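Asks: Questions regarding the structure given below will be posed in turn.
FYI, it's all coordinate maths here, none of it is from the lab. Remember, predicted model here, so these are calculated numbers, not experimental data. Because the Cβ atoms are built from the backbone with ideal geometry, glycine has one as well, and the counts that use them run over all protein chains shown.
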Amino acid sequence: MYKKQWILFLLLTILLVIARLPSFVEPLENDSGSSAFLARQMIRGETIYDRFHPGHHLPGLHYTIALAFRMFGDDPNAPKLLLLPWTVICALLLYFIGHLYFDEQTGILSALFFVLTSSQRGLAGMTVEMEHFANLPLIAGIFLLIYLFRRYRPAWQFIWLGVVGALSFLYKVNLVAPLVVAGITIPWSAWMTRKEPGAWKTMSSRLIWMAIGFIIPLGIVSAYFASLGLWERFILVFKFGFNYMDAGVMNSAGLPRPFGFPLFWMSVNNFALLFLGLLGVYYLVRHSIPVRSTENLTDIVVSLWLLISMAMAGLRGGGFPHYVLPVVPPLALVASIGISRAYQNWRLVSEKWANLGRSVAVALVILLFFWSNFSLYREYARYKVGRISHPQFLQAVYKDGYISQQISSYLRTHTQPDDFIYLWSLYIDVYYYADRLPPIDIVWPAYASATGSPNRIFEARTKYIVVDIPRQGSLPQWLLDGLAADYELETTIEGSEIYRRIQ
């Protein structure tokens, strides 16, 4: 048994490395670039939320990237290297859920589908967005919940479910699907056993211990920042976060909340996996209602995991591709269950047609993965054999990364290390690649006025200000006035205007 699992571990690792190879020649995107900039300052001895503030982001990803820098050096590929074993562990946890509580086929397919689909370029698969890292505590939370139910573990052990829930929360506040699933299924379990002595007491104890497990890590984090005098700065995250959620920018997609966005995004990236996942939910719900056993409750847990993850991803009705990454693990698992259940039913009719149907279903998921990544792999192969240069590769597959690299190179060669730069731009990764500091404490332009006058950006040490594809009507008047008073347009790089301070 252990030999088989080690072989699976090795094969998954090889598959993942091959699938993610192009990511190692792509620069970090703006979100991860911002986190890398902050992580670098942490490595240099600063404390997050002190001199520099991440806006509406909690500290999970910044500490993770700082860990990667400590392990592999201050290099943009360091978090990508850390993400490889991180992802393999996620895949193995999915395998164990499928293998232990359904069947071997479900476990293997779950791991395979997760590795491939989470590497799809259309789902931000080549990035190190925080959802990639948050998937580990999310999957671990569901694994723990099923294990605790199926093994009838003491109520106090539900504290660990709260702990891993807090870890995913520290990446992003809406990544709490396992806790929501537990909050539904723990009372459901009590109702199932309501005629047994102490059923409701057990329910209460489980929920209390889970809450304690959730509160302890958050309390430690809060106490840490409070002890440094950063409490008010830390809780700004939630103020900014609520404002971000209330903003109408992401709602312009017109997709019905909460399921429209994840359904749309998964359908255009891997329709086969989405269809098989919905088929799996149908099988699970149909065969588990009414719930009379822990096996039935396991089916409900898995179904709810998918549905709640999709609801969390589509809260705003729109967003970015990486918002859907937490949907991939439950979808991979439930799709594998759908294939296994369909295979079992088809075998009653014909072994031959059952094998054919299973093969076609698996092949469709794999083919759609390659279809999604085909242009990326084609250009990567051309680059590796020397037919195109690295800038040409980026122009073909990642235009934003190409632009940010050009801007970074220009600013790095035209400034000194103690010069400030300011980016009125989404290319926030430039701070990391140029290795230059901003004149204010929050790098994102949306927060220029959040902790002080935005005119702070015009201080004497701010040598360059980059304005991304400016439109006179869309730039704030204070920025226009400051540029007119103290700066002159020096050059334009791919539509971004580079202003230099007048000496």
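Asks: So what is the orientation-averaged projected area of region 11-53, using the convex hull of its C-alpha atoms, in nm²? Intermediate results must be reported in sequence, preceding the final value.
Replies: Working: hull surface 17.0 nm².
If you wrap the Cα atoms of region 11-53 in a convex hull and average its projections, you get 4.2 nm².
Asks: Considering the Cα positions of region 37-173, please state its Rg to one decimal place and its Dmax as a whole number of Å.
Replies: 16.9, 52
Asks: If you don't mind, there's one more thing I want to ask. In region 255-358, what trypsin sites (Lys or Arg not before Pro) fall in a loop by DSSP, with at most 15 other Cβ atoms inside 10 Å?
Replies: Sparse-neighbourhood loop trypsin sites (Lys or Arg not before Pro): 292.
Asks: In sequence order, what are the phi-derived ³J(HN,Hα) couplings for region 259-267 according to the Karplus relation 6.51 cos²θ - 1.76 cosθ + 1.60 with θ = phi - 60°, rounded to whole Hz, with x for glycine and proline?
Replies: Rounded to whole hertz, the list is 9, x, 5, x, 5, 5, 5, 6, 5.
Asks: Just to confirm the number: angle between the C-alpha axis of helix 199-227 and the first principal axis of the chain, 0 to 90 degrees, nearest 10?
Replies: 20 degrees
Asks: When only DSSP loop residues count, what GluC sites (Glu not before Pro) in region 451-501 have their Cβ near at most 16 other Cβ atoms within 10 Å? The partial results should precede the final answer.
Replies: Working: sites: 459, 488, 490, 494, 497; in loops: 459, 494.
Qualifying residues, ordered by number: 459, 494.
Asks: Given the alpha-carbon gyration tensor of region 118-185, what are the semi-axes of its equivalent ellipsoid in whole angstrom, ordered largest first, with each equal to the square root of 5 times an eigenvalue?
Replies: 26, 12, 9
Asks: Where the Cα atoms of region 397-501 are projected onto their three principal axes, how long is each span, largest first, in whole Å?
Replies: 37, 32, 25
Asks: Find, to one decimal place in angstroms, the Kirkwood hydrodynamic radius of region 135-254, where the mean of 1/r is taken over every pair of different Cα atoms and then inverted. Walk me through the numbers before you get to the answer.
Replies: On the way: mean 1/r = 0.0624 Å⁻¹.
When all Cα pairs of region 135-254 are included, the Kirkwood radius is 16.0 Å.
Asks: If you stretched the chain out fully between residue 469 and residue 363, how much longer would it get, using 0.36 nm times the residue separation minus the C-alpha to C-alpha distance?
Replies: Contour length minus the Cα-Cα distance gives 33.9 nm.
Asks: Go through region 392-409 residue by residue and turn each phi into a ³J(HN,Hα) via Karplus (6.51, -1.76, 1.60, θ = phi - 60°); whole Hz please, and just put x for glycine and proline.
Replies: 5, 4, 5, 4, 7, 10, 8, 4, 4, x, 4, 5, 5, 5, 5, 5, 4, 5
Asks: Going down the list 3/172; 80/399; 3/80, which pairs span over 31 Å between their C-alpha atoms?
Replies: Working: 3/172 37 Å; 80/399 20 Å; 3/80 28 Å.
Correct reply: 3/172.
Asks: Another question about this same structure. Mind giving me the FRET efficiency for residue 375 and residue 193? R0 is 60 Å, r the Cβ-Cβ distance, nearest 0.05 is fine.
Replies: 0.65
Asks: Gain in length, residue 485 to residue 70, computed as 0.36 nm per residue apart minus the alpha-carbon separation, to one decimal in nm? Don't skip to the answer; put the middle values down first.
Replies: Numbers: separation 415, 0.36 × 415 = 149.40 nm, distance 4.28 nm.
Extra length available between residue 485 and residue 70 comes to 145.1 nm.
Asks: With every atom except the alpha carbons ignored, what do you get for Rg and Dmax of the chain, in angstroms?
Replies: Radius of gyration, then largest Cα-Cα span, for the chain: 24.6, 83 Å.
Asks: What does the charge add up to near residue 102, with Lys and Arg as +1, Asp and Glu as -1, over the other residues with Cβ less than 13 Å from its Cβ? Please list the in-between numbers first.
Replies: Numbers: positive: 150, 341; negative: 103, 104, 295, 299.
After counting each charged neighbour, the total is -2.
Asks: Rounded to whole Hz and in sequence order, give me ³J(HN,Hα) for region 287-302 from the Karplus expression 6.51 cos²θ - 1.76 cosθ + 1.60, θ = phi - 60°, writing x for Gly and Pro.
Replies: Once θ is set to phi - 60°, the couplings for region 287-302 become 9, 10, 9, x, 7, 10, 8, 5, 5, 4, 5, 4, 4, 5, 4, 5 Hz.
Asks: Right, something else. In straight Cα distance, which aspartates and glutamates are under 13 Å from residue 195, not counting same-chain residues fewer than 8 positions off?
Replies: Counting by Cα, and skipping residues close in sequence, residue 195 has no aspartates and glutamates nearby.
Asks: If you fit an axis through the alpha-carbon atoms of helix 78-101 and take the longest principal axis of the Cα set of the chain, what angle between them do you get, 0 to 90°, nearest 10?
Replies: In the chain, helix 78-101 runs at an angle near 10 degrees to the longest axis.
Asks: Let me ask something else. Of all beta bridges DSSP finds with both residues in the chain, what is the antiparallel percent, to the nearest 5?
Replies: Roughly 60 percent of the beta bridges in the chain run antiparallel, per DSSP.
Asks: Among the chymotrypsin sites (Phe, Trp or Tyr not before Pro) in region 61-154, which ones are in a DSSP loop with at most 10 other Cβ atoms within 10 Å of the Cβ? Mind listing them?
Replies: Loop-located and lightly packed - 152.
Asks: Next question, about the same structure. Relative to the Cα centre, what is the charge dipole magnitude of the chain, using +1 at the beta carbon of each Lys and Arg, -1 at the beta carbon of each Asp and Glu, and rounding to the nearest 20 debye?
Replies: Taking the Cα centre of the chain as origin, the dipole is about 1780 debye.
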